[in-house]
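Below is one structure, written out as structure tokens; the observations come after it.
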Amino acid sequence: MAIVNLFYMSLLLLLLLPLLLLFLLSIIIRPRPVQIPIKKRHVFITGGSSGIGLALAHQAASEGARISILSRSIDKLEEAKNAIRLSTGIDVAIFAADVRDFEAVQRAVDEAGPIDVLIVNQGVFVAQELEEQKLDEVRFIIDVNLMGSFNMIKATLPGMKRSRKDRGPGSISLMSSQAGQVGIYGYTAYSASKFGLRGLAEALQQEVIGDNIHVSLVFPPDTKTPGLVEENKRKPQLTSIIAASSSAMTADEVAKKALDGIKSGSFIIPCNSEGILLSMATAGLSPQRSYLMAFVEVVAAGILRFAALCFQWNLYGSIEKSRMQKNYR
Ligand SMILES: NC(=O)c1ccc[n+]([C@@H]2O[C@H](COP(=O)([O-])OP(=O)(O)OC[C@H]3O[C@@H](n4cnc5c(N)ncnc54)[C@H](OP(=O)(O)O)[C@@H]3O)[C@@H](O)[C@H]2O)c1
């Protein structure tokens, strides 16, 4: 009888503990869940003339948003504007500016009018071993990807804050990369620029939460865009082998995941199943708005650390193999 009672007690405890954890998480998760509407709101996308940014502009326009896009080449912007008008019947506003130039960015933001959803998506990626890469190129990558993001946010924030009371929740999302979650061979400069975005986002979210502004970080894998085609021309072989462990997505697929994540106010937005695992394994001290995801993260933490160590074992295996092949030649 005592054994039967013990069995039922253990079963009850086994059921109660996860429920208790779920309940606790639903109380403590911060920031609280939020929905960010897109329809009839002003969505401003940097790097909106190509690849993921262009796909985001298409999708947000077809969901009824007012769109502004910014990038350097006026020809590419005009081309994007025509393509979006052709497929959605909507006219987007275009702004030619380099994100490295704060005054030019500020002029564009002022002209565009109050922004509800800012998507800082511009980015350059040149993969090369640090020893080979020129410092000018390292500076260029950091300037466009990281300083350019600061410039965009600094230019947008005052107007975004002012207009929050009448216009509902605001959103600032940053296009990172899976190379911004784990350092990858050949991406010292790029990974540094994208890891930097994470620190920016985590700190910024704390600074703007009181203004009803919500920050997101998008982590795409390799995505079939003009930028990737360019990058592949110079990519070290080992970088290609490592990056190939997560399969390439289309720009439309990434844009859909990104937009859905922004609308649901997620802080971290993975784009595919490997991305979900990577995001859980690298969750660290980052905010989590979903108590269900928080539950999975807490329960899976140990096994994910083990998986991360297996990933590193495999990664260093590839590096050793490649070095041995080089020495043999
Ligand atoms: N494609 C991938 O495999 C991949 C994977 C993970 C993350 N990402 C990230 O996703 C974002 C978009 O990448 P993508 O593949 O779509 O790139 P893409 O096709 O090369 O498009 C990049 C966009 O950024 C603009 N841009 C570049 N430098 C700029 C600058 N200094 N000032 C203003 N605009 C600038 C480009 O226009 P102009 O050249 O005319 O300025 C273009 O509109 C990037 O942040 C990238 O790091 C991409």
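The values are calculated or read from the model by the stated rules, or taken from the named source; none is laboratory data. Note that the structure is a prediction, hence the values are computed from the model and not measured. Here the Cβ positions follow ideal geometry from the backbone for every residue, glycine too, while neighbour counts run over all protein chains shown. The area values use the complete protein model at the heavy-atom level, side chains included, leaving out ligands, DNA and RNA. Shrake-Rupley method; radii C 1.70, N 1.55, O 1.52, S 1.80 Å.
Numbers at a glance
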{"quantity": "Where a residue in the range 129-157 is assigned to a helix (DSSP H, G or I) and its partner, wherever it lies, is surrounded by fewer than 20 Cβ atoms within 10 Å (Cβ to Cβ) and among the charged types (D, E, K, R), with Cβ under 6 Å and at least six apart", "calculated": "D143/R100; G148/R100"}
{"quantity": "Residue in the range 205-217 that is of a type in the set (A, V, I, L, M), assigned by TED's automatic domain parsing to the domain that holds K263, open to solvent by 10 Å² or more (accessible area, probe 1.4 Å) and away from the ligand (no atom under 12 Å from the Cβ) present", "calculated": "yes"}
{"quantity": "Among the residues listed as V109, V124, V182, the single one being within 9 Å of the ligand (Cβ to nearest atom) and among the β-branched types (V, I, T)", "calculated": "V124"}
{"quantity": "Selection count where residues are surrounded by 16 or more Cβ atoms within 10 Å (Cβ to Cβ) and farther than 20 Å from I141 by Cα, scope the range 194-204", "calculated": "2"}
{"quantity": "Close pairs from the range 51-73: first within 15 Å of K263 (Cα to Cα), partner among the polar types (S, T, N, Q) and near the ligand (Cβ under 7 Å from one of its atoms), Cβ under 7 Å, at least 6 apart", "calculated": "L56/N121"}
{"quantity": "Residue, most open to solvent (accessible area, probe 1.4 Å), within the range 218-236, restricted to residues that are part of a helix (DSSP H, G or I) and farther than 14 Å from M175 by Cβ", "calculated": "E230"}
{"quantity": "Test result for G261, assigned to a helix (DSSP H, G or I), buried (at least 21 other Cβ atoms within 10 Å of the Cβ) and out of contact with any helix residue (DSSP H, G or I) (no Cβ under 9 Å at 6 or more places or on another chain)", "calculated": "yes"}
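Every residue, every condition in (1) in contact (Cβ under 8 Å) with a residue 24 or more places away in the chain; (2) over 26 Å from L285 (Cα atoms), yes or no:
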site	(1), (2)
R162	yes, yes
K165	no, yes
S171	yes, no
M175	yes, no
A189	yes, no
A203	no, no
Q237	yes, yes
A244	no, yes
